[in-house]
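Only one structure is covered here, and it is reproduced in the block below.
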Amino acid sequence: MSYVEPMALRQLELEQAAPAAAVESCELRPRAEAQFIERLKRGEATAFEQLVAERSGEIYGLLFRLTENTEEARDLTQETFLRAFQSINRFRGEADLRTWIYRIAINQARNRWRWWRRRRRDTTISLDAPHGDSSQTLMSTLAESSDNPEQQTLAHEREVVLRSALQRVGRAYRETVILRDIEGFTYEEIAETLGINVGTVKSRLARGRQELRQKLEGSL
């Protein structure tokens, strides 16, 4: 047997093993999540602490982008996890846990928006509000940072314009644009989160992007 033959055999073994390993990995992830959900349903405090630790940052970011108000986002984040705690026993696994939490968060934001609308009060948009507990802002999730002061100034100006324009996009379209273009959700995940079909997701996304482009014309 030549020196090359053992290498070829080893490569063949790895290629045959790879699909099996991938299948096993895919099986382990849902199994681990199912076990975690059971811990949540049993009311384990450590499980809820883990859920909050893992998801609160991204949920706050989502709610801040939807509301453009730090206090509102903090309150809605707390309400989201309180509602998740109260309703976890009704979770049936039709969607994954992340999608379920996002759905609760968006519903909380919608309820707050209706509350403000009924009272004919508009929240003031704070264009300089930080994203999360750091100074990171919305634009920093959409564009690469730079150490060049001139580029940083331009990026900040673009951020102000972009966030202002995004808030003027219709709410349903804004939700879809944020979930797809900022949160990176798939069409299917957005459909699960918003309770709509994939076709509606695509049409809302197209309309939302179109509205956003129109709001940004001549600004960037």
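The values are calculated or read from the model by the stated rules, or taken from the named source; none is laboratory data. Nothing here was measured: the structure is a model prediction, and the numbers come from that model. With ideal geometry, Cβ positions are generated from the backbone for all residues, glycine too; neighbour counts draw on all protein chains shown. Keep in mind that these areas ignore ligands, DNA and RNA; they rest on the heavy atoms of the full protein, side chains included. Shrake-Rupley method; radii C 1.70, N 1.55, O 1.52, S 1.80 Å.
Observations on the structure shown:
- Unmet requirement for GLU79, which otherwise passes all of (1) at pLDDT 90 or above; (2) more than 19 Å from ALA109 (Cβ to Cβ); (3) open to solvent by 60 Å² or more (accessible area, probe 1.4 Å); (4) of a type in the set (D, E, K, R): (2)
- Which numbered condition ARG55 fails, given (1) without any contact (Cβ under 8 Å) to a residue 60 or more places away in the chain; (2) assigned to a helix (DSSP H, G or I); (3) under 20 Å from ILE190 (Cβ atoms); (4) open to solvent by less than 60 Å² (accessible area, probe 1.4 Å): (4)
Rundown of residues vs (1) at pLDDT 70 or above; (2) open to solvent by less than 50 Å² (accessible area, probe 1.4 Å), yes/no style:
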| residue | (1), (2) |
| --- | --- |
| LEU127 | no, no |
| LEU138 | no, yes |
| GLU144 | no, no |
| ASN148 | no, no |
| GLU157 | yes, no |
| GLU188 | yes, no |
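Residues checked against (1) surrounded by 10 or more Cβ atoms within 10 Å (Cβ to Cβ); (2) of a type in the set (D, E, K, R); (3) modelled with pLDDT of 90 or more:
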{"site": "LEU12", "(1), (2), (3)": "yes, no, no"}
{"site": "ALA17", "(1), (2), (3)": "yes, no, no"}
{"site": "LEU40", "(1), (2), (3)": "yes, no, yes"}
{"site": "PHE48", "(1), (2), (3)": "yes, no, yes"}
{"site": "ILE59", "(1), (2), (3)": "yes, no, yes"}
{"site": "ARG83", "(1), (2), (3)": "yes, yes, yes"}
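- Residue match in segment 168-179 (condition: part of a helix (DSSP H, G or I), at pLDDT below 85 and surrounded by fewer than 16 Cβ atoms within 10 Å (Cβ to Cβ)): no
- LEU212 being open to solvent by less than 50 Å² (accessible area, probe 1.4 Å), in contact with an Asp or Glu (Cβ under 8 Å, 6 or more places away or on another chain) and part of a helix (DSSP H, G or I): no
- Subset tally (residues that are without any contact (Cβ under 8 Å) to a residue 12 or more places away in the chain and surrounded by 19 or more Cβ atoms within 10 Å (Cβ to Cβ)) for segment 190-209: 1
- Considering the conditions (1) in contact (Cβ under 8 Å) with a residue 12 or more places away in the chain; (2) within 21 Å of GLY184 (Cβ to Cβ), ALA84 is excluded by exactly one of them, (2).
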